[in-house]
Amino acid sequence: MLSKAEVPVAEQATQKPILSVRNLHTWFEIRRLGFFKAGEVKALDGVDFDLYPGEAVSIVGESGCGKSTLAKTILGIHQPTKGEIIFEGKKLSEFTKEDRKEYTAKVGYVQQDPYGAMASFMTVKRILEEPMLIHGIRSPEERNRRIRQVLEEVKLTPVEDFLPKYPHQLSGGQQQRLVIARAMILEPKLLVADEPVSMLDASVRVEILQLLRSLQERHNLAIIYITHDLSTVRYFSERIFVMYGAKIVEQSGTRQLLENPEHPYTKALLEATSDPDAENLKTFKKVPSGEPPSLLNPPPGCRFYARCEFAIHGLCDKQMPPDFETADGKLVRCWLYDPERKQ
Amino acid sequence: MGNSETLLRVKDLKLHYRTARGLVQAVDGVSFELRRGETLAVIGESGCGKSSLAKAILRLLPRNVQTYTGEVWLNGANVMAYNEEKFRQEVRWVQMAMVPQAAMNSLNPVVRIGHQIAEALLVHNKGKMTKAEAMEKAAESFKWVGLPLDFLQRYPFELSGGMRQRAIIAMSLVTEPDLVVLDEPTSALDLSTQANVMNVLKRIKHELGTTFILITHDVGTASELADQVAVMYAGKMVECSPAETFYTNAAHPYSAALMASVPTLRMDKPLSFIPGQPPSLINPPTGCRFAQRCPKRFEMCEKEPPTVELENGQRVQCWLHAAAGEMRDAQ
């Protein structure tokens, strides 16, 4: 049997998490006529997980499930409404100004749209120099050394050819490599990659994923990989978190999840993904009808209740299920896995 | 299927654009045939000319066209020979319709959806159809795509993305065309919505017998609908094969490399990528356009490859499959 994640359980127990997220809520206020409060969009509504050094996790979900809000809250772009983010044992809410600056150096961000993420008037050299200038690396030799090293690592070689170029002179794949290089230049311990390959062509996609994977191994980097595409995670991460309606509904090892999904939503998501196969022509997909709930006033019970074929009336629509642990160590937020109910 | 009548035959279709930097050969001599009731999926990476192919078939051309030649035979008539007015009246939206890319965002926001759909009918049946009849027909098309009938009275903003996409598909079907060209119909949608729309298309294909050309970059989605798969690379159609053989046994080296780069959910397979980049469509290299990146390149590749039809029905543009005689003739 596969152990929980591919990081052995024993190792996980002794290792301290690099990042812990506890009961995290990020709500956005909606105002009417500019100042009357009209409600809140609960984009993150109680998220908990631990991330260990050198581990890659994928966060999978459809648009509007809160996965990008989670990334941005971790990066400090959004302020959490409630809950804590703990990085290397220190709470983000208690950070001083210096702590915060140090944190931004230790956490890299790989954006979805590489061209939009870079200043179009800056050359490659300048783009990579900027973070180092902000973080006070004064010596030009040191900066040049790092630029050279990081460009070689992301395989934008020969380095000399790329330094004077502007982003628009690079192909989509090269632009994404440059964004990764920029995220790596301050030697971070954690990389948050928000849909890093969704705008790229299939043949380039694999190249970028393999690059991220090799950086992870070489630098013992923790990576949070956010995606809507389940088929890429098999090649990338040790663990998967599935998000639906602002909550994580299933946490599990990658292989376990793909081979034996537990939550009804995870099952639906796997069913909806097509592999290239001529047999697909003959069958219809079993997709749950309806749409994800509005996060403006989410329903009280399980967020998937209205679309779920296994829903228990009177329970699922009334009470939000807690995380239940299955025999093989998955965490599933679903009443079907309540051990007391089964007996 | 069983019906082997040829609906569409495209022969040596060319579409070149004029730009400040030179001539872009977006579609450069594409030929294929499509039987009634079948679906052809055209796959390829961005910039390979697959959307231009759709535009060329429907003659929806931008202003900077330099060359537009070839033959498009539909229902036995060469529609390329028609003048613009005849094409508009007799072909477009009558015999063939199109769902353009990101169409769900191009509905008129201030007109009720039912009226927008009926409008297509009224324009193409001038004087022959009353408004009430057109609305009835619009309702029927809503049934095909599985939308509730009261949505005819709604405005586009009241519908979700998946529903708007289905409304657009209903709009393309309302005149009951023989052929519908779908340009990336699901790429802007979520996974489960995507599966829903593919289910709808599949049902329409079975029930109405509509012929589709499905243009997409996603091979997985393409396999939901495709009887034949065509691969485009740098303006050329390098392979056109029956779906059963294509996914497991692509004939062109580019198709094979593309398939090897597609991650799969249910199988473990090593992934690989294609080094290098596709050539610019301004002054593309002579000979095979994939030659520079091709692992199986040999001296013949400098010459324009012939189109070879293999025994299992695969049509491939590659010297590897050419007979010895052809190679000798070329030299």
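The values are calculated or read from the model by the stated rules, or taken from the named source; none is laboratory data. Computed from a predicted model, the values in this text were never measured in an experiment. Note: ideal-geometry Cβ built from the backbone for every residue, glycine included; neighbour counts use all protein chains shown. Note: areas computed on protein heavy atoms with side chains; ligands, DNA, RNA excluded. Shrake-Rupley method; radii C 1.70, N 1.55, O 1.52, S 1.80 Å.
Annotations
- Of the residues B:LEU61, B:LEU107, the single one that is in contact (Cβ under 8 Å) with a residue 24 or more places away in the chain, more than 24 Å from B:PRO156 (Cα to Cα) and not in a helix (DSSP H, G or I) is B:LEU61.
- No other residue among B:PRO263, B:PRO284 is within 14 Å of chain A (Cβ to nearest Cβ) and assigned to a loop (DSSP other than H, G, I, E, B) apart from B:PRO263.
- Count of the range A:303-319 residues which are in a loop (DSSP other than H, G, I, E, B), basic (Lys, Arg) and open to solvent by less than 30 Å² (accessible area, probe 1.4 Å): 1
- So B:TYR254, is it among the hydroxyl-bearing types (Ser, Thr, Tyr), modelled with pLDDT of 90 or more, crowded, with 17+ Cβ neighbours inside 10 Å and under 15 Å from B:GLY49 (Cα atoms): no
- The one condition from (1) within 13 Å of chain B (Cβ to nearest Cβ); (2) without any contact (Cβ under 8 Å) to a residue 60 or more places away in the chain; (3) not hydroxyl-bearing (Ser, Thr, Tyr) that A:ILE185 does not meet is (1).
- A:SER68 being within 26 Å of A:LYS330 (Cβ to Cβ), among the hydroxyl-bearing types (Ser, Thr, Tyr) and open to solvent by 50 Å² or more (accessible area, probe 1.4 Å): no
- Tally, over the range B:216-256, of residues that are more than 7 Å from every other protein chain (Cβ to nearest Cβ) and in a helix (DSSP H, G or I): 7
- Screening A:LEU211 against (1) out of contact with any helix residue (DSSP H, G or I) (no Cβ under 6 Å at 6 or more places or on another chain); (2) under 30 Å from A:PHE87 (Cβ atoms); (3) away from chain B (no Cβ under 14 Å) leaves a single unmet condition, (3).
- Positions within the range A:194-245 being touching a residue at least 40 places away in the same chain (Cβ under 8 Å), more than 22 Å from A:LYS67 (Cα to Cα) and either of a type in the set (Val, Ile, Thr) or open to solvent by less than 30 Å² (accessible area, probe 1.4 Å) (or both), in sequence order: A:LEU211, A:LEU215
- Search result, residues across the range A:266-283 that are within 22 Å of A:ILE59 (Cβ to Cβ) and either part of a strand (DSSP E or B) or more than 9 Å from chain B (Cβ to nearest Cβ) (or both): A:THR266, A:LYS267
- From the list A:PRO300, A:PRO322, A:PRO292, A:PRO261, the one residue that fits, being under 27 Å from A:VAL41 (Cα atoms), surrounded by 14 or more Cβ atoms within 10 Å (Cβ to Cβ) and not β-branched (Val, Ile, Thr), is A:PRO292.
Residue-by-condition table, conditions (1) at pLDDT 90 or above; (2) in contact with a strand residue (DSSP E or B) (Cβ under 8 Å, 6 or more places away or on another chain):
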| position | (1), (2) |
| --- | --- |
| A:ILE224 | yes, yes |
| A:LEU230 | no, yes |
| A:VAL249 | yes, yes |
| A:SER252 | yes, yes |
| A:GLN256 | yes, no |
| A:PRO261 | yes, yes |
| A:TYR265 | yes, yes |
| A:VAL287 | no, no |
| A:SER294 | no, no |
